[in-house]
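Values quoted throughout were computed directly from the atomic coordinates according to the rules given, and no laboratory measurement underlies them. Model, not experiment: these values are computed from the prediction. In this analysis, Cβ positions are derived from the backbone assuming ideal geometry, glycine residues included, and neighbour counts consider all displayed protein chains.
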Amino acid sequence: MKQTSFLFLLLIFTSFCFSQSHVPYDILIKNGKVIDGTGNSWYYADVAIQADKIILIQKNINAAATKVIDAKGLVVAPGFIDVHTHLEGGEAKTPTADNFIYDGVTTVITGNCGASNADIGKYLLWIDSLHLSVNVASLIGHNDVRKEVMGRANRNATEAELNKMELLVDKAMKNGAVGFSTGLIYIPGTYSKTPELIRLAKIAAKYNGLYATHMRDEGDSVTQAIEEALTIGRQANIPIQISHFKLSGQQNWGRSGQTLPMIIAARKEGLDVTIDQYPYTASSTSLSTLLPDEVLADGQDSIVARLNRPEIQKDVTAYIIKKLKNRKLKHLGFAVVAYYKADTTLNGKSIEAINLIKGRKHKASDESVTVMEMMMQGGASMIFHGMSEPDVKNIMQYDYNMFASDAGIREFGVGSPHPRGYGTNARVLGKYVREENIIDLEEAIRRMTSLPAQKFQLKNIGLLKEGMNADIVIFNATEVMDKSTFEQPHQFAQGFIFVLVNGKLTIENAKHTGTKAGKAQYGPGYILQ
Ligand SMILES: [Zn+2]
């Protein structure tokens, strides 16, 4: 290289460095109460952001900035990480992910409950090409892996099938999945036994992923289900995340006093097990969960064929009545339709009410006929009112419990979905922190930020520290509140005044700006490959 051109390059380099230090900050957040996500107490500081990074946090930063946000009287915290979501299918319809953004969520983990995109590499690339308002990481779902290899068959996998499933999990982990998820009440996951799950969890463990599970049972057999999750963690040497930890059915109320100690004991033993929860006393899942597993094998045509047989109808009716008796109930009033494609006028109504609308008798046996009829017409998504508030609060007070919505991207105004998709974090901060003092504000924020970031190995988010990604929420702690209810679910949470995703203002003055600065997040195996 000639000396002149070398000097020229040197000049460009030094002027670049010089200009960097004198460029005003992109965003300067002034006068806020910083809660950094560690669980430490709030403190007053300013936060300076350049591009997608937090550059400086200190008191009284007096520098120029392209945009100055006055956060006086507001809390400044890391963006919330929702570790349990179901984005699949909603990404392209509503890439602005308004329900999450208005609830302070800047990163979601999808692919939960065994249900993910089967090709994680393709999925994450697609997420980046789509541009969402939130960051997205994904688990690889057992049900989709099993479906790919053996359809909806109700039997054990052969060794050859197990090998194929292992290869699919291996590929997904290399392509950036953060771990392996199961949904053991769903088809076909429910047909698998523990050894199959250990084999597949071992593959995720090889790439430092975790095991997230919707357990085989959250009611009468919950302790056995927890034991199975712990066994998988122990045998596969993998961190465990138990999803939407709860006690379903009136007969099980109060048993969090029994299930939480199992988690605490397992941690003492050295198992890295943590849990998450949505702060509501109703769950939401498919109508099919009311039916016996064996009716549901091999797809919709087979389900219809089975449900047309009188002897199967009898079995299903007996099964539903038995389950009701266990719950000490006489009717399916606790089961409310969220979305029924075949007849949307029934959305928001209970099975008990729908049964009467259909002109049948006010009897559980008739209600079971209504359930079967709806299943034959494609099934429905449901809300089940079945938990107790004391259990919800007891679980909430466990130190290693995270808050997660178990929701997808909501299509505004469509169906009667569970309100958790709109208000999970706002509800914790409003109802349980401010109004009922169940946990402290700093502690709630820790469970929404650094705890999930640590568990899911999202290294650049979850803390308000210099050098971290600028995913930030600025909210009014005296006003933050969920607005979504079971009766009127389509209402955004209130109180989040500014939300930044990767340094870009996504909520400004409490309004979504339409900004879509979210990125796909890759798991530890992506780097290890
Ligand atoms: Zn689930």
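Annotations
- Degrees, to the nearest 10: 310-326 long Cα axis against longest axis of the chain: 60 degrees
- Each residue of the range 469-529 gets 133 Å³ once the volume of the Cα convex hull is shared out per residue.
- Sparse-neighbour loop sites [trypsin sites (Lys or Arg not before Pro); the range 455-511; at most 15 other C-beta within 10 Å; DSSP]: Lys459, Lys465
- Sequence of Leu197, Leu125, Leu463 once ranked by neighbouring C-beta atoms within 10 Å, starting from the fewest: Leu125, Leu463, Leu197
- Once both labels are positioned 7 Å from their Cα atoms along Cα-to-Cβ, the gap between Lys322 and Val304 label points is 2.8 nm.
- Which of Glu487, Glu227, Glu88 has the fewest Cβ neighbours within 10 Å, and the rest in rising order: Glu487, Glu227, Glu88
- Extended-chain gain in nm, criterion 0.36 nm per residue less alpha-carbon gap, Asn237 and Glu436: 67.8 nm
- Relative contact order (percent, whole number), the range 251-352, Cα cutoff 8 Å, 6+ residue spacing: 16 percent
- Nearest 10 degrees, 0 to 90: helix 159-174 Cα axis against the chain principal axis: 30 degrees
- Angle between the chain longest axis and helix 3-22 axis [Cα atoms, degrees, rounded to 10]: 70 degrees
- Label-to-label distance, nm, for residues given as Glu411 and Leu125 (7 Å Cα→Cβ offset): 2.8 nm
- Along each principal axis, Cα extent of the range 215-290, largest first, Å: 35, 25, 21
- For the chain: relative contact order, % (alpha-carbon pairs under 8 angstrom, 6 or more apart): 22 percent
- Trypsin sites (Lys or Arg not before Pro) lying in DSSP loop within the range 250-355, provided at most 10 other Cβ fall within 10 Å: Lys328
- Based on the convex hull around the alpha carbon atoms, the chain presents an average projected area of 27.1 nm².
- Under-5 Å amide H pairs with Ile497, H placed in peptide plane, nonlocal only: Ile474, Phe475, Asn476
- Close amide H contacts of Ala407 (hydrogens built in the peptide plane, cut-off under 5 Å, sequence separation of 5 or more or a different chain): His86.
- Stretching the chain fully between Gln397 and Met376 yields a gain of 3.4 nm (0.36 nm per residue, less the alpha carbon separation).
- For Leu210, neighbours were defined as the other residues whose beta-carbon sits under 13 Å from its Cβ, and their charges (Lys and Arg +1, Asp and Glu -1) total +1.
- At most 10 other Cβ within 10 Å, DSSP loop - trypsin sites (Lys or Arg not before Pro), the range 194-234: none
- Only helices enter the 222 nm calculation for the chain: every DSSP H run of n ≥ 4 contributes -39,500 (n - 2.57), and dividing by all residues gives -10500 deg cm²/dmol, rounded to 500.
- Fraction of beta bridges assigned by DSSP in the chain that are antiparallel (%, nearest 5): 55 percent
- Considering only Ser288, Ile445, Ile395, the residue lying farthest towards the positive end of the dipole of the chain is Ser288, judged by Cα position with unit charges set on Cβ.
- Rounded to the nearest whole Hz, the Karplus-based 3J(HN,Hα) values (6.51 cos²θ - 1.76 cosθ + 1.60, θ = phi - 60°) of the range 214-228 follow the sequence 8, 5, 5, 7, 10, x, 4, 9, 5, 5, 5, 5, 5, 4, 4, with x at glycine and proline.
- Under 5 Å from the amide H of Ala212 lie the amide H atoms of Phe180, Ser181, Thr182, Gln241, each residue being 5 or more positions distant or on a separate chain, with H modelled from the backbone and absent for Pro and chain starts.
- Environment charge of Lys30, counting only residues whose C-beta is closer than 10 Å and scoring Lys/Arg +1, Asp/Glu -1: -1
- Contour minus Cα-Cα distance for Ala51 and Ile527 (0.36 nm per residue): 168.9 nm
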